[in-house]
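Asks: For reference, the structure I am asking about is given below.
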Amino acid sequence: MGINVRKMNEIADDTVAIENSLNSISTSVETVHSQLIQIADATEEQTETSNNTSANIQTISNATRETTAETVNSLKISQDIQNIAESMYARIRTFKL
């Protein structure tokens with residue numbers, strides 16, 4: 001009977017050790033899970049920020065293209081006005097008072 005009691009105590013001690021190990025593993029899994037959620041959230045935020053940045057860059061690029069086109073158009077109009085002014089000045093010089 002002494003052997004059975006000793007064996008039962010060993011089994012009880014082993015059971016407590018296993019339970020403690022399982023609790024420790026469970027806590028570690030919960031910690032890892034929490035960290036993975038934080039990483040997923042940060043990744044999602046970073047993706048959203050990258051998408052917004054990309055959209056802003058595209059908007060700036062479009063505005064730059066439009067500004068360049070308008071500048072070229074303004075330059076042509078200015079040149080046309082200068083040509084008209086030079087032509088008018090040349091015609092006015094032909095008149096004598």
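Asks: Which one of these does residue 17 not meet: (1) modelled with pLDDT under 95; (2) surrounded by 10 or more Cβ atoms within 10 Å (Cβ to Cβ); (3) more than 50 Å from the chain's Cα centre (by Cα)?
Replies: Evaluating residue 17 over (1) modelled with pLDDT under 95; (2) surrounded by 10 or more Cβ atoms within 10 Å (Cβ to Cβ); (3) more than 50 Å from the chain's Cα centre (by Cα) leaves (3) as the failure.
Asks: In the list 84, 92, which residue meets the criterion of being modelled with pLDDT of 95 or more, over 31 Å from the mean Cα position of the chain (by Cα), hydrophobic (A, V, I, L, M, F, W, C) and on the phi < 0 side of the Ramachandran plot?
Replies: None of the others qualify; the one that does is 84.
The values are calculated or read from the model by the stated rules, or taken from the named source; none is laboratory data. Just so it is clear, the structure is predicted and the values come from calculations on it, not from any experiment. So basically every Cβ, Gly included, is an ideal-geometry build from the backbone, and we count neighbours across all protein chains shown.
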